[in-house]
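Take this structure, written in structure tokens, and hold onto it; I'll ask about it next.
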Amino acid sequence: MKSFIKYLISISIATGFLWWVYREQNLSDILERIEQTDLLWLCLSLLALIISNYSRAIRWRIALEPLGYYPTGVRSFLSVMSGYFINAIIPRMGEIIRCTLLSKTASVPIKLSIGTLIAERVLDMLIMGSLVMLMFIIEFEKVVALISFISGQPAESVSSFVIGLGSIGALLFITLIIGYLFRKQLIQFKLFKTGEERLLSVIQEADRYPLLHKLIQLLSGIKDGLISIQKMSLRQQITYIGHTIVIWSMYYLMTYTLFQGGSATEHLSLTCAFTTFVMGGIGMVIPTPGGTGSYHFVVTQTLMAYGLTEGNAAAFAIVMHGAQSLSIIALGGLSMLIANHIPQQGSYRETLNQVVSEDTSNNV
């Protein structure tokens with residue numbers, strides 16, 4: 001019942017955003033603008049979407065390799081796309097489906113894949129935060145004016161708030177870096193030792209309580225997943241970083257290529273594409289099904305700040321979000337269907353144990 005209420009609220013938020021954006025728009029005019037989109041540039045934008053998702057799947061596979069699991073690129077891709085498919089329907093459920101399918105198709109324990117997924121999300125959040133900061137640096141006045149228009153607050157107040165928030169964020173970021181660099185020295189403090197001793201006593205008592213024991217096992221698996229990046233070889237780390245760059249570059253190209261596909265947007269600059277891409281990412285974070293409504297609102301307001309009419313801006317938002325959503329639903333639905341019918345891939349550890357067992361019996 002609680003999940004249903006959350007989903008209902010999510011649908012209501014999406015509906016509210018869509019109504020606000022398109023309440024005064026002429027549907028026939030919007031459709032006419034959509035029909036004028038160049039299909040070649042639209043296809044290139046969707047190709048960038050597919051490349052980014054495949055690169056995400058390969059990056060996930062690399063994160064699992066230090067833990068002894070080697071899912072194929074195809075199985076990882078099917079799981080990733082299936083997760084996006086579910087997210088387009090039920091917000092935040094895709095991650096669970098993604099890990100469950102990889103467990104089913106590639107014998108990867110769910111607790112480990114969840115750990116690597118958390119690490120992936122943390123990295124993506126840091127990158128998104130860095131891109132937001134870069135956006136403010138590049139287009140400070142434009143973004144402040146945009147936020148001022150959306151919030152109804154004076155530009156001076158918004159500017160002061162953004163500068164203050166940015167300063168706090170930078171301070172926290174520096175603190176985290178210092179804490180990580182000196183983590184071994186910090187652990188020696190009495191406060192950390194006391195906490196570690198209490199944690200060890202809880203773990204020792206866990207065997208007496210089955211539910212607590214299962215929770216400790218789950219957290220242990222998540223911990224292993226989180227530190228998988230530290231266990232990577234230099235080659236794996238370089239490849240992991242390389243795929244991360246590809247993923248975010250493709251996200252940007254999805255917006256810029258589609259700009260070229262419309263007569264109303266083809267003149268817009270690279271910085272406008274960057275701002276639209278980042279603001280669209282913020283819209284996708286809002287818990288609506290697949291970013292529906294929230295993406296349209298944020299992107300429409302952003303493009304209007306760059307001089308587009310509301311009709312042209314709203315039409316671009318529909319094309320961009322609609323093309324992505326339809327592709328994810330079609331490709332994700334097909335991926336889920338395939339993933340539920342392909343044979344299970346044994347884990348690397350199982351294969352290795354089998355080989356060692358066979359060699360031992362032959363020697364005997």
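Describe numerically, in nm with one decimal, the distance between label points set 7 Å from Cα along Cα→Cβ at LEU326 and at ILE50.
1.6
Take the Cβ-Cβ distance between VAL162 and THR309 as r, set R0 to 25 Å, and report the resulting FRET efficiency rounded to the nearest 0.05.
Working: r = 27 Å, r/R0 = 1.09.
After rounding to 0.05, the efficiency reads 0.40.
Across segment 126-136, in residue order, what do the Karplus-derived ³J(HN,Hα) couplings come to in whole Hz, using 6.51 cos²θ - 1.76 cosθ + 1.60 with θ = phi - 60° and x for Gly and Pro?
Karplus-based 3J(HN,Hα) across segment 126-136 equals 5, 5, 4, x, 5, 5, 5, 4, 5, 4, 5 Hz.
Label LEU126 and ARG235 with points 7 Å out from Cα along Cα→Cβ: what is the distance between them in nm?
2.5
Rounded, prolate or oblate: which one fits segment 237-317, using the alpha carbon gyration tensor with axes a ≥ b ≥ c (rounded when a/c is under 1.5, else prolate when a/b beats b/c, else oblate)?
Numbers: a/c = 2.62, a/b = 1.44, b/c = 1.82.
The shape class here is oblate.
Pulled fully out, how much extra length does the chain show between ARG92 and LEU176, if you take 0.36 nm times their separation in residues and subtract their Cα-Cα distance?
On the way: separation 84, 0.36 × 84 = 30.24 nm, distance 2.69 nm.
Full extension from ARG92 to LEU176 adds 27.6 nm.
Read-outs: derived from the displayed coordinates by stated rules, not from any lab. The structure presented is a predicted model; accordingly, all values stated were derived computationally and were not measured. Please note: Cβ atoms are built from the backbone with ideal geometry, for glycine as well, and neighbour counts cover all protein chains shown.
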